[in-house]
Amino acid sequence: MKKQITSTLIALLSIFSIAKAQDTHFSQYYASPLTLNPALTGLIDNANLRVGLIYRNQWSSVTVPYKTPSLSFDMNSIGQKLIAKTIKKGTASCGLFFLNDKAGDGNLSTIQAEPTFAYFLDLDKDKKMHV
């Protein structure tokens, strides 16, 4: 029974890992930090919020080119007064990431809306080192 559950679980995980239809690639990936790594949520220099918009149009010579617009929004210190009782040290940050990927004339498209959350624990008083 235990072997059957384990083999079924492995089979399901392998199916889900290969069933992904498309993966978005931006040539200027650093312009979309939440796409690069969701742990970068709220890691903003000299500001409290960040809005990012990135658009990729690939293979414009074909009849229906690939189009990938993306919008991201994140802020640090969100609701610090509301969650100050729970979080004694560090900074909590949250954000949203939207992506719409349309791949050619094959009607293959992906729409994603992903919330992101990050918690930074400061290791020094200057807040230059954190985990």
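Label-to-label distance for ALA39 and ILE111 is 3.2 nm, based on points extended 7 Å past Cα in the beta-carbon direction. Between THR8 and ASN100, residue separation times 0.36 nm minus the direct Cα-Cα distance comes to 29.8 nm. Straight-line cross-link reach from LYS67 at under 18 Å between alpha-carbon atoms covers these aspartates and glutamates, not counting any fewer than eight positions away in the same chain: ASP23, ASP101, ASP105.
Since every read-out is calculated from the coordinates, none of them should be taken as a lab result. Since the model is a prediction, treat every value here as computed from it, not as a measurement. We place every Cβ from the backbone using ideal geometry, glycine too, and count neighbours over all the protein chains shown.
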